[in-house]
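The values are calculated or read from the model by the stated rules, or taken from the named source; none is laboratory data. Everything numeric here is computed off the predicted structure, so don't read it as measured data. Reconstructed Cβ throughout: ideal geometry from the backbone, glycine too, with neighbour counts over all protein chains shown. Side chains included, ligands, DNA and RNA excluded: accessible areas come from the protein's heavy atoms. Shrake-Rupley method; radii C 1.70, N 1.55, O 1.52, S 1.80 Å.
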Amino acid sequence: MRKILFSLFPLHFLNRIKLWILWLCGPGRKRDFSPVLWSQYFESMEDVVRNVLNCSYTFRIYKSGLEGPVLLLLHGGGHSALSWAVFTSAIISRIQCRIVALDLRGHDYGKVRKLMLISLFTNLPSLLGTAMDALNSMQNFLRSRPKTFKSLENAIEWSVKSGQIRNLESARVSMVGQVKQCEEAASPECPKAIVEGIIEEEEEDEDEEGGGSVNKRKKEDDTETKKEHLYTWRIELAKTEKYWDGWFRGLSNLFLSCPTPKLLLLAGVDRLDKDLTIGQMQGKFQMQVLPQCGHAVHEDAPDKVAEAVATFLIRHRFTEPIGGFQCVFPAC
């Protein structure tokens, strides 16, 4: 067969086919980090305005589904409702339900007069149990993140390659809600050091040469920086540190005290503290471990999370399966 191929096609042609197949299927294929619109995952979007004490508050809400129970999806600190995008399309195809995902105050497109700090990171189950220990290293993590990105594609690429989001599809839609475009190069969110470092070096060169075009060069650098349209984080989480203890202390006991069926999704059993370990052995909640997931399990493994939530809701007769979905009950 190999001789027949060589006789029918020139060697250079076969080599081109081989390279094309390797590019298409191999690990070296370039990945697409371009942003994706919310409309590929949600059916509708609206801005809800509420007036409280003479202040106007606007919240952006994404919806999907027409029948069944309402799943109110709350995002974590620094994230937005778009972090639930891929999960939404996955669970809508499995059960009858209605999705309502909203951007909380100070996040994404929600507009308020000042930031109202959120009291709970409701969609970060990996913080339950060992939350207080994890907070000790939180500032180091926040300092390790880039302060700005040169484009949305750059932000998406960083989120995937750094492991913050381990699902490229989810990153392409959710990172749009985590960053915002800098208003100008000299804004507080965009440190001037990015520009000043370049300007200072050029000023030194000009001084050595005795040139007088420092101001001209500075204007050119400012213009180039503005052309880049830098992006920065929408929420400065480091400024919320004084609230962290109140957010997480006693969170495990609050979870256990809820008199309703409960499902806890974890990336690993090492995330359980003493209270949760005892509660799990006493059957106070259903636990399911999703290996190879990171901080946000619903983004890293949206299909597995959708399957777990759908099975949980069907088991407790909140809804009915659709599309031939078969429940797979976990062992624990």
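Structure summary
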item	result
Single residue of region 148-168 satisfying the filter (in a helix (DSSP H, G or I) and among the β-branched types (Val, Ile, Thr)) that is nearest to His295 (Cα to Cα)	Val160
Residue identified as farther than 22 Å from Ser174 by Cβ, aliphatic (A, V, I, L, M) and surrounded by 19 or more Cβ atoms within 10 Å (Cβ to Cβ) among Leu254, Leu272	Leu272
All positions within region 44-70 that are surrounded by 11 or more Cβ atoms within 10 Å (Cβ to Cβ), out of contact with any helix residue (DSSP H, G or I) (no Cβ under 8 Å at 6 or more places or on another chain) and more than 20 Å from Pro321 (Cα to Cα)	Asp47, Val48, Ser56, Tyr57, Thr58, Phe59
Strands (runs of 3 or more DSSP E) contained entirely in region 26-82, each with at least 1 residues that are in contact (Cβ under 8 Å) with a residue 60 or more places away in the chain and among the acidic types (Asp, Glu)	44-52
Filtered residue count, region 275-298, keeping only those that are under 26 Å from His79 (Cα atoms) and open to solvent by 60 Å² or more (accessible area, probe 1.4 Å)	3
